[in-house]
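Input: a single structure, listed below in structure tokens.
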Amino acid sequence: MSNITYRLEQKRNLVTELPGPRSSELTARRKAAVAAGVGSSVPVYATDADGGIIVDVDGNSLIDLGSGIAVTSVGASDPRVAAAVAEQAAHFTHTCFMVTPYEGYVAVAEKLAELTPGDYEKRSVLFNSGAEAVENAVKVARLATGRNAVVAFDHAYHGRTNLTMALTAKNMPYKAHFGPFAPEVYRMPMSYPYRDEAGITGEQAAQRAITMIEKQIGADQLAAIIIEPIQGEGGFIVPAPGFLPTLVAWAKANDVVFIADEVQTGFARTGQWFACEDEGIVPDIITMAKGIAGGLPLSAITGRADLLDKVHAGGLGGTYGGNPIACAGALAALDSMVEYDLRERARNIGDKALTRLRALAADVDVIGDVRGRGAMLAIEIVKPGTDTPDPDLTKAIAARALEQGVIILTCGTYGNVVRLLPPLVIDDELLDDGLTVLEDAIRTAR
């Protein structure tokens, strides 16, 4: 990673208990104004952020190991992104690309064609959120194939719209009481090495799913398979080697569109531009969001031109999709990723963190598994000496870390996974401090 000049001191510093008085005041205001259905992981309110630090309204400097759920990979106030956004906003904030187009949208699409896997001719469409990207990828697959059925997997998370809730596996809090959901969505077993029966290979796990697809749906009825190459909300599950390539080969042989959902894994997070590159996977369509634009709301689908160009004019789009400010932020963020060599930095973060976490796992009896790739890492918390998920201890670990000024996120189908998504620009000293606090929390939280 190239030398980065930080605007804020990269040091944890607590001047009040958490939450502090101003954060507590804002919580009271929030309860009177914001719907109760909108949750927050931590009870502190941000006023500034840079590199791996978030400063709250009470003046506390906290270590950020969540990146706004893998969004601020280049930091929350990268100078190049901030300057590009300001310059674009000074000219125009919106015209709607579907009415009066502009170069930024085209430039982002060109960049995505360059970065995404596959040497085929590509097309892209820009949207606002990961859920929008997923929904439109499915729309394209259904129209292009003339089929309706879509396969998703156990532990999957694909969004909160009606269709993407159907694709998402976990009921609470994402799906409970929000149905009925979109039809023709089928769920297949995932490769989950920690919880699969002993000895099952990735190829065997894939064949298990393929057999179910053929028996329960029929290949000739299937429009698409959609999968996260590393599952996110489901627990940062890394499938066994061979699982994804076997699915891709079957999909290709049966003219089924293979959609890689890289909303959380994309843009250097796992040490490659995209996680599917690790096993040489070439999807027909790839969905992207989160880290794409340095914190600005932007998402995209990029895929085979022969698929996307089948959609009639006006069939894809949206009023704010590919907003010019978000496009400016994306182009700047991608430039920073290259300048800082954040793919290599993600690999370095992974090497450093995994070494420490695996040593910790060997010394305590509440860690069932340590896994991940690059700067997308997970610790599965279990009841001592078993593989039984312990969501209560997981919550206690996150709370204990926050008390010491470190923000960590949890996830998992069973609510028992600590996930680490630090900004890729975090420096080694701050990362080490954050890991030390986390290790102490795992040892002491009860």
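The values are calculated or read from the model by the stated rules, or taken from the named source; none is laboratory data. This structure is a prediction, so every number in the text was calculated from the model and none was measured. For neighbour counting, all protein chains shown are included, and Cβ atoms are generated from backbone atoms with ideal geometry for every residue, glycine included.
Here are the numbers for the structure shown:
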{"item": "Residue within the stretch 130-151 that is closer than 21 Å to THR410 by Cα, out of contact with any Leu (no Cβ under 9 Å at 6 or more places or on another chain) and touching a residue at least 40 places away in the same chain (Cβ under 8 Å) present", "result": "yes"}
{"item": "Close pairs (7 angstrom Cβ cut-off, 6 or more residues apart or separate chains): closer than 20 Å to ILE230 by Cα in the stretch 358-371, aromatic (Phe, Trp, Tyr) anywhere", "result": "GLY368/TYR194; ASP369/TYR194; ARG371/PHE236"}
{"item": "Verdict on ILE200 being at pLDDT 95 or above and buried (at least 17 other Cβ atoms within 10 Å of the Cβ)", "result": "no"}
{"item": "Residue in the stretch 151-166 that is surrounded by fewer than 16 Cβ atoms within 10 Å (Cβ to Cβ), in a helix (DSSP H, G or I) and small (Gly, Ala, Ser) present", "result": "no"}
{"item": "Index of the failed condition, GLN88 passing every other in (1) in a helix (DSSP H, G or I); (2) under 19 Å from ILE285 (Cα atoms)", "result": "(2)"}
{"item": "Qualifying residue in the stretch 168-186 (condition: of a type in the set (A, V, I, L, M), under 21 Å from the mean Cα position of the chain (by Cα) and either buried (at least 22 other Cβ atoms within 10 Å of the Cβ) or on the phi > 0 side of the Ramachandran plot (or both))", "result": "no"}
{"item": "Among the candidates TYR6, TYR45, residue that is modelled with pLDDT of 95 or more, of a type in the set (Ser, Thr, Tyr) and not assigned by TED's automatic domain parsing to the domain that holds ALA398", "result": "TYR6"}
{"item": "Unique residue being at pLDDT 95 or above and under 30 Å from ALA401 (Cβ atoms) when the list is ASP119, ASP50", "result": "ASP50"}
{"item": "Cβ pairs under 6 Å, 6+ apart, first in the stretch 107-122 and aliphatic (A, V, I, L, M), second buried (at least 16 other Cβ atoms within 10 Å of the Cβ) and in a loop (DSSP other than H, G, I, E, B)", "result": "LEU115/TRP273"}
{"item": "Close pairs from the stretch 277-303: first surrounded by fewer than 24 Cβ atoms within 10 Å (Cβ to Cβ), partner of a type in the set (Val, Ile, Thr) and part of a helix (DSSP H, G or I), Cβ under 8 Å, at least 6 apart", "result": "ILE281/VAL248; VAL282/VAL248; LEU296/VAL81; LEU296/VAL85; LEU296/ILE325"}
{"item": "Complete set of residues in the stretch 67-85 that are part of a loop (DSSP other than H, G, I, E, B) and among the β-branched types (Val, Ile, Thr)", "result": "VAL71, THR72, VAL74"}
{"item": "Checking PRO241 against (1) out of contact with any Gly (no Cβ under 7 Å at 6 or more places or on another chain); (2) modelled with pLDDT of 95 or more; (3) part of a loop (DSSP other than H, G, I, E, B), the condition it does not meet", "result": "(1)"}
{"item": "Wholly within the stretch 373-422, strands (runs of 3 or more DSSP E) carrying at least 2 residues that are within 19 Å of GLY39 (Cα to Cα) and out of contact with any Pro (no Cβ under 8 Å at 6 or more places or on another chain)", "result": "409-411, 417-420"}
{"item": "Positions within the stretch 337-352 being surrounded by fewer than 22 Cβ atoms within 10 Å (Cβ to Cβ) and small (Gly, Ala, Ser), in sequence order", "result": "GLY350"}
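The rows are residues; the columns are (1) closer than 30 Å to GLU25 by Cα; (2) among the polar types (S, T, N, Q).
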position	(1), (2)
ILE53	yes, no
ASN60	yes, yes
THR72	yes, yes
GLY75	yes, no
ARG80	no, no
PRO117	no, no
LEU126	no, no
ASN136	no, yes
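Residue-by-condition table, conditions (1) in contact with a strand residue (DSSP E or B) (Cβ under 6 Å, 6 or more places away or on another chain); (2) in a helix (DSSP H, G or I):
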{"residue": "TYR194", "(1), (2)": "yes, no"}
{"residue": "ILE200", "(1), (2)": "no, no"}
{"residue": "GLN204", "(1), (2)": "no, yes"}
{"residue": "ALA251", "(1), (2)": "yes, yes"}
